[in-house]
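Undergrad: Before I ask anything, let me first share the structure, which is written out below as structure tokens.
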Amino acid sequence: MRNVLEKLRSQRSPNQVRHKANLDNIFRMQAVIFIGIQASGKSTFCRDRFFKTHIRINLDMLKTRHREKIILQACLKAKQPFVVDNTNPTREDRARYIGPAKDARFRLIGYYFESILEDCKRRNAQRTGKARIPIPGIAATYKKLILPSYAEGFDELYSVKISEKSDSAFIVEEWPDEI
């Protein structure tokens, strides 16, 4: 039986082999990592773009790194696409997701949310209750914010900015190789 399978595989045309490789890339599981300070539009973007297709991993909701790790491991084991909707301002913050996702053969996609401090403060002021973040917390995250790079392990990187016309409209552009 093994010889028959090997013979059939060897008879595939190069186009059939390329087509299978393309399908593998299309259907490969995605790990999406957001990068940006509070009130930069991450959760709204997640709701608009990934709500029906990806599990949302968010510390505001889960409250502890232990719970976050359990959900992350479940997504990796089940080959379930997921979005990490946290600020992830440093390479170290992002590495906690990138390594395990790469090991599980997920496609790594990063979205950097343009983080103009004054705009984020303005949007934050429109929030109520626990959703409103203290200004020193936003400023501290802003100071730690490091631009992402492909060298971290991302397969795709994009920049996202909120349209000047509406706080719920986004402009997404491919990340330049170097900034």
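The values are calculated or read from the model by the stated rules, or taken from the named source; none is laboratory data. Everything numeric here is computed off the predicted structure, so don't read it as measured data. Ideal geometry is used to build each Cβ from the backbone, glycine not excepted, and the neighbour counts take in all protein chains shown. The protein model used for the area step is the full one, side chains on, heavy atoms only, and it has no ligands, DNA or RNA in it. Shrake-Rupley method; radii C 1.70, N 1.55, O 1.52, S 1.80 Å.
Undergrad: Could you check, for segment 31-52, whether at least one of its residues is at pLDDT 95 or above, in contact with a Pro (Cβ under 6 Å, 6 or more places away or on another chain) and not in a loop (DSSP other than H, G, I, E, B)?
TA: Yes - at least one qualifying residue is present in segment 31-52.
Undergrad: Test residue 114 against the stated conditions and say whether it is loosely packed, with under 13 Cβ neighbours inside 10 Å and closer than 30 Å to residue 177 by Cα.
TA: Spelling it out, it is not the case that residue 114 is loosely packed, with under 13 Cβ neighbours inside 10 Å and closer than 30 Å to residue 177 by Cα.
Undergrad: Can you name the condition, by its number, that residue 174 falls short on among (1) in contact with a Lys or Arg (Cβ under 6 Å, 6 or more places away or on another chain); (2) without any contact (Cβ under 8 Å) to a residue 24 or more places away in the chain; (3) over 22 Å from residue 47 (Cβ atoms)?
TA: (1)
Undergrad: Output the residues belonging to segment 140-155 that are in a helix (DSSP H, G or I), in contact (Cβ under 8 Å) with a residue 12 or more places away in the chain, out of contact with any helix residue (DSSP H, G or I) (no Cβ under 7 Å at 6 or more places or on another chain) and more than 24 Å from residue 81 (Cα to Cα).
TA: Selection gives 141, 144.
Undergrad: Give the residue that is nearest to residue 171 (Cα to Cα), with candidates limited to residues of segment 97-146 that are touching a strand residue (DSSP E or B) at 6+ places or on another chain (Cβ under 9 Å) and among the β-branched types (Val, Ile, Thr).
TA: Per the stated criteria, the residue is 116.
Undergrad: Answer with yes or no whether residue 97 is assigned to a strand (DSSP E or B), at pLDDT 95 or above and closer than 29 Å to residue 76 by Cβ.
TA: Spelling it out, it is not the case that residue 97 is assigned to a strand (DSSP E or B), at pLDDT 95 or above and closer than 29 Å to residue 76 by Cβ.
Residue-by-condition table, conditions (1) among the charged types (D, E, K, R); (2) touching a residue at least 60 places away in the same chain (Cβ under 8 Å); (3) within 23 Å of residue 159 (Cβ to Cβ):
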| position | (1), (2), (3) |
| --- | --- |
| 40 | no, yes, yes |
| 74 | no, no, no |
| 87 | no, no, yes |
| 107 | yes, yes, yes |
| 110 | no, yes, yes |
| 115 | no, yes, yes |
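Undergrad: For segment 90-99, what are the residues that are within 17 Å of residue 58 (Cα to Cα) and open to solvent by less than 60 Å² (accessible area, probe 1.4 Å)?
TA: 90, 93, 94, 95, 97, 98
Undergrad: Suppose we filter 121, 63, 102, 79 for residues that are free of Cβ contacts under 8 Å to residues at least 12 places away in the same chain and of a type in the set (Lys, Arg); which single one remains?
TA: One residue alone meets the criteria, 63.
Undergrad: If you don't mind, there's one more thing I want to ask. Quick check: is even one residue across segment 114-132 at pLDDT 95 or above and of a type in the set (D, E, K, R)?
TA: Within segment 114-132, none of the residues are at pLDDT 95 or above and of a type in the set (D, E, K, R).
Undergrad: Mind listing just one residue for me: the one in segment 137-162 that is among the β-branched types (Val, Ile, Thr) and closer than 11 Å to residue 114 by Cα and, of those, least open to solvent (accessible area, probe 1.4 Å)?
TA: Looking at residues that are among the β-branched types (Val, Ile, Thr) and closer than 11 Å to residue 114 by Cα, I get 160.
Undergrad: Among 48, 85, which is charged (D, E, K, R), open to solvent by less than 10 Å² (accessible area, probe 1.4 Å) and over 18 Å from residue 149 (Cβ atoms)?
TA: 85 is the lone residue from the list that is charged (D, E, K, R), open to solvent by less than 10 Å² (accessible area, probe 1.4 Å) and over 18 Å from residue 149 (Cβ atoms).
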